[in-house]
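Asker: I have a structure here, written as structure tokens, and I will follow up with some questions on it.
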Amino acid sequence: MKKLLFLLLLSPLFLLAQSNQKIMLQVLGSGGPEMNDKRASSSYLIWIDGKSRILIDFGSGASLRFEESDANIEELDMILLTHLHIDHTADLPALLKAGFFTNIKKVLPLYGPYGNSTMPDTKTFIRRLFEDHKGAWQYMGDHLGGKADLQLSAHNVEYSREVQTLLAENNISVEAVSVHHGMIPAIAYRVNIGNKSLTFSGDMNGEFHTLEKLAKGTDILIMHNAVPQTATGTAALLHMTPQTIGEIAQKAQPGTVILSHRMSRTLDKELETISEIRKSYKGKVKFADDGSTFLLL
Ligand SMILES: [Zn+2]
């Protein structure tokens, strides 16, 4: 029996099945913009077959967490930005600069939201950071259509309350939908890998009722727990309360909900948060910490 198991483990089919299934979410940043919570700001990394392939947001502190996770810039396929707030994008220049010191030779696509009167669109945002002779870090202009080996290619995700497919290549597809984050253009993403999927809410307050459509039946749904149930005013305009988290999860029926973007407003209120969520959603709920990993089986 043992011998049979050993032979089975060595069979190419078993190895293939295993490799197809090895998808892992790693939380690089589980905090918000505050600097007193010992957490990096928002950032997530999807590992596929041991390779660090897809980054979602890259807020302050995420670059150090990226290093700690032994991720490799050369393995990155794409970056998805939920929105352009500092706590979701601040370490991007550090990532681009670090790429210079690797053997990376590729065009790295970066997706992010459309613009409005409050925020630039993603292409403009990247241009303002790195463009030759104009950008804040204009000495990095070679990475935008110049001679550098690592080219950053920015794409705007347009406003849409219907789920749109951004790309579908090999066994990976990325879907997106607009979510309500006050005046800030914001996008939720679903990454499908084979028959598995991970959905990222980003910051949002639930008003568009779009996340539940995007996340329907997803394996892992990462939701931002930035405010407590008692939130009012701007906080409630920007972020979902635990009750809203529960209602969306109940409609989406994910395998697991992971609560992240934890701030001083919600840290130490975990029991309260869970009991509000439980009023409508009875499935699995876990809290994220920096470095947490979640395997999709
Ligand atoms: Zn945020």
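The values are calculated or read from the model by the stated rules, or taken from the named source; none is laboratory data. In this text the structure is predicted, and so the values were computed from the model without any measurement. Methodologically, a virtual Cβ is constructed for each residue, glycine included, from the backbone with ideal geometry; neighbour enumeration extends over all protein chains shown. These accessible areas exclude ligands, DNA and RNA; they are computed on the full protein's heavy atoms, side chains included. Shrake-Rupley method; radii C 1.70, N 1.55, O 1.52, S 1.80 Å.
Asker: Considering only residues that are more than 11 Å from D57 (Cβ to Cβ) and within 16 Å of the ligand (Cβ to nearest atom), which ones fall in segment 187-200? Step through it out loud before you land on a result.
Answerer: First, the residues of segment 187-200 that are more than 11 Å from D57 (Cβ to Cβ): 188, 190-199.
Scanning segment 187-200 gives a single hit, A188.
Asker: Might you check whether a residue that is crowded, with 24+ Cβ neighbours inside 10 Å and within 15 Å of the ligand (Cβ to nearest atom) occurs anywhere in segment 232-241?
Answerer: Looking for residues that are crowded, with 24+ Cβ neighbours inside 10 Å and within 15 Å of the ligand (Cβ to nearest atom), one finds at least one in segment 232-241, hence yes.
Asker: Restricting to segment 201-213, name every residue that is buried (at least 23 other Cβ atoms within 10 Å of the Cβ) and out of contact with any His (no Cβ under 9 Å at 6 or more places or on another chain).
Answerer: If the condition is that a residue be buried (at least 23 other Cβ atoms within 10 Å of the Cβ) and out of contact with any His (no Cβ under 9 Å at 6 or more places or on another chain), then L211 is the only one that fits.
Asker: Looking only at segment 208-231, filter to residues that are out of contact with any helix residue (DSSP H, G or I) (no Cβ under 8 Å at 6 or more places or on another chain) and within 15 Å of the ligand (Cβ to nearest atom); which one of those is nearest to K282 (Cα to Cα)?
Answerer: I222
Asker: Scan segment 219-231 residue by residue and report those that are surrounded by fewer than 23 Cβ atoms within 10 Å (Cβ to Cβ) and among the polar types (S, T, N, Q).
Answerer: Q229, T230
Asker: In this structure, is D121 buried (at least 20 other Cβ atoms within 10 Å of the Cβ) and either over 20 Å from L45 (Cβ atoms) or out of contact with any strand residue (DSSP E or B) (no Cβ under 8 Å at 6 or more places or on another chain) (or both)? First the steps, then the outcome.
Answerer: Working: buried (at least 20 other Cβ atoms within 10 Å of the Cβ): yes; either over 20 Å from L45 (Cβ atoms) or out of contact with any strand residue (DSSP E or B) (no Cβ under 8 Å at 6 or more places or on another chain) (or both): yes.
When the stated conditions are applied, D121 passes them.
Asker: Okay, moving on. Residues of segment 74-90 being within 12 Å of the ligand (Cβ to nearest atom) and in a helix (DSSP H, G or I), which ones? Spell out how you get there, then give the answer.
Answerer: At the first step, the residues of segment 74-90 found to be within 12 Å of the ligand (Cβ to nearest atom) are 81-90.
Result: I86, D87, H88, T89.
Asker: Here's a follow-up. Out of all the residues in segment 36-63, which are assigned to a loop (DSSP other than H, G, I, E, B) and away from the ligand (no atom under 14 Å from the Cβ)? Before the answer, list the steps.
Answerer: Of segment 36-63, the ones assigned to a loop (DSSP other than H, G, I, E, B) are 36-42, 49-50, 59-61.
Matches in segment 36-63: N36, K38, D49, G50.
Asker: Do we have L144 as over 18 Å from the mean Cα position of the chain (by Cα) and closer than 19 Å to I73 by Cα here?
Answerer: Details: over 18 Å from the mean Cα position of the chain (by Cα): yes; closer than 19 Å to I73 by Cα: yes.
So L144 fits the description; yes.
Asker: Which condition does S60 not pass, out of (1) more than 17 Å from the chain's Cα centre (by Cα); (2) open to solvent by 30 Å² or more (accessible area, probe 1.4 Å); (3) not hydrophobic (A, V, I, L, M, F, W, C), if it passes all the others?
Answerer: So the condition that S60 fails would be (1).
Asker: Which one of these is crowded, with 18+ Cβ neighbours inside 10 Å, among the β-branched types (V, I, T) and modelled with pLDDT of 95 or more: V157, V163? Let's see the steps before the verdict.
Answerer: On the way: V163 fails: crowded, with 18+ Cβ neighbours inside 10 Å.
Unique residue meeting the criteria: V157.
Asker: Six or more apart or on different chains, Cβ under 6 Å: which pairs go from a residue in segment 98-123 that's under 14 Å from T82 (Cα atoms) and touching a residue at least 40 places away in the same chain (Cβ under 8 Å) to one that's open to solvent by 90 Å² or more (accessible area, probe 1.4 Å) and of a type outside the set (S, T, N, Q)? Could you list them?
Answerer: Y114/E158; Y114/Y159
Asker: Would you say A71 is over 16 Å from L110 (Cβ atoms) and within 16 Å of the ligand (Cβ to nearest atom)? Spell out how you get there, then give the answer.
Answerer: Details: over 16 Å from L110 (Cβ atoms): yes; within 16 Å of the ligand (Cβ to nearest atom): no.
No: the conditions fail for A71.
Asker: For segment 135-147, what are the residues that are open to solvent by 50 Å² or more (accessible area, probe 1.4 Å), at pLDDT 95 or above and over 18 Å from P109 (Cβ atoms)?
Answerer: Within segment 135-147, A136, W137, Q138, Y139 meet the criteria.
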